[in-house]
Every structure is written in C-alpha cells, then in structure tokens.
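Trainee: Attaching a single structure in structure tokens format; questions to follow.
The values are calculated or read from the model by the stated rules, or taken from the named source; none is laboratory data. On a predicted model such as this, the values are computed, not experimentally measured, just so you know. Because the Cβ atoms are built from the backbone with ideal geometry, glycine has one as well, and the counts that use them run over all protein chains shown.
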Amino acid sequence: MSAAPQSAFHHASCVVVGEAGVLIRGPSGSGKSTLAREILDLAARGGGFARLVGDDRVSLGVKGGRLVARPHPAIAGRVEVRGMGIRDADHAGSAVVRLVVDCGLPRLDRLPDKDQMVTNVMGVELRRVVAGPGQADRVLLALEDAGFSATADGTKQGSVSL
C-alpha cells in the first residue's frame, strides 16, 4: 500500500480558467488577490469559465503526478480587496494547476531561457510566468501558449487583447 499524497497550505491564490488552474504566488502585498480578480474578470468577459479556487491560502497536493489546489476551508469563497475588506466570490472546490504566476518579482528577460519559464512545485514541473496587477492578459496568453483556452468556444481568437 502506498502512502497518502501529501498536501500543505501555501501562501498563494489560485483561480481556474476553463480547466486550467493558475497558482499565483508572491509576498504579502504583491498584488496576488488583485491579479486573481483581474484574471477572473478578463476570462469571463471572453465568455469563458473562470472561478476563484482560493485566495491568500490554498492547499496544494500531488495526485497522479498533477498538482491540485484547493481552498482553505476557513476562507473558501472569500477574496480580499485591499483597503476594502473581504468579499464573497463564486469559487471552485479544486483545480489542477497548469500555470504558476510569480507576482511581485522582477520581470523575466525579454527572451527568457527555458529554465526561467518553468518551476517545480512539490515535485511537479509547471509552466511559469511573472506577472502582477494589470497583466491578466499576459497570464491568459501564457495559458493559451500552453494549450489551454480562456474562451467559451475553445478558440484563441479574441480572448486576449495584445
């Protein structure tokens, strides 16, 4: 019998766009919650499915070689609006993480090496992008580049403004 998959809570936010989870990590005050709300708004305007998974703290675990994010039970369905308090939000119970966004870090090189565009989280290698508030389009473009659509009909056309 194998051991049960390990999971732990992490200081991060997570959204699901279509079927792809987006893990947003960074230090306190870096804009994780703001970027999460902007991603949800931009994806929804494109007609796609988008939901909060968790804000500020998410449980991460590995199942079947995939990284799975879940909300912290005490704050599920809640999102912080800095300076305005905590608000209710529609949320998903879990998501398979397909993209990691590092928020509050220096931007990647103009033409980054492959090693700058991947990260390892709990033994799972994932695509990585650096973005912050005001750059939700960059996140959706990275999802599309990885083969995940942000639109209702699965097309890439018109889903991201460049």
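Trainee: Taking the criterion of being of a type in the set (Ser, Thr, Tyr) and at pLDDT below 85, would at least one residue in region 132-150 satisfy it?
Mentor: Let us first name the residues in region 132-150 that are of a type in the set (Ser, Thr, Tyr), namely 149.
Filter once more, keeping what is at pLDDT below 85: 149.
For region 132-150, residues of a type in the set (Ser, Thr, Tyr) and at pLDDT below 85: present.
Trainee: Among the residues of region 34-45, which ones are buried (at least 20 other Cβ atoms within 10 Å of the Cβ) and either more than 12 Å from Val139 (Cα to Cα) or not small (Gly, Ala, Ser) (or both)?
Mentor: Thr34, Leu35, Arg37, Glu38, Ile39, Leu40, Leu42, listed by residue number.
For every residue, the table says whether it meets (1) in contact with a Ser or Thr (Cβ under 7 Å, 6 or more places away or on another chain); (2) part of a loop (DSSP other than H, G, I, E, B); (3) of a type in the set (A, V, I, L, M, F, W, C).
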residue	(1), (2), (3)
Gly48	yes, yes, no
Arg51	no, no, no
Leu60	yes, no, yes
Val68	yes, no, yes
Pro73	no, yes, no
Val79	yes, no, yes
Gly83	no, yes, no
Arg87	no, no, no
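Trainee: May I pose another question? What number of residues in region 5-46 are of a type in the set (A, V, I, L, M), in a helix (DSSP H, G or I) and either closer than 18 Å to Gly93 by Cα or touching a residue at least 24 places away in the same chain (Cβ under 8 Å) (or both)? Give the steps one after another, and end with the answer.
Mentor: Initial filter on region 5-46 (of a type in the set (A, V, I, L, M)): 8, 12, 15-17, 20, 22-24, 35-36, 39-40, 42-44.
In the following step, the residues that additionally are in a helix (DSSP H, G or I) were identified as 35-36, 39-40, 42-44.
With the extra rule that they be either closer than 18 Å to Gly93 by Cα or touching a residue at least 24 places away in the same chain (Cβ under 8 Å) (or both), the set shrinks to 35-36, 39-40, 42-43.
Result for region 5-46: 6.
Trainee: For region 115-143, name all the residues that are in a strand (DSSP E or B), closer than 12 Å to Val97 by Cα and aliphatic (A, V, I, L, M).
Mentor: Val121, Val124, Leu126
Trainee: Out of Gly21, Gly31, Gly26, Gly47, report the one residue that is among the small types (Gly, Ala, Ser) and within 11 Å of the chain's Cα centre (by Cα).
Mentor: Just one listed residue meets the conditions, Gly21.
Trainee: Taking the stated definitions as given, is Met117 hydrophobic (A, V, I, L, M, F, W, C), modelled with pLDDT under 90, farther than 18 Å from His11 by Cβ and under 17 Å from the mean Cα position of the chain (by Cα)?
Mentor: yes
Trainee: So, one more: Are any of the residues in region 92-102 among the hydroxyl-bearing types (Ser, Thr, Tyr), modelled with pLDDT of 85 or more and assigned to a strand (DSSP E or B)?
Mentor: no
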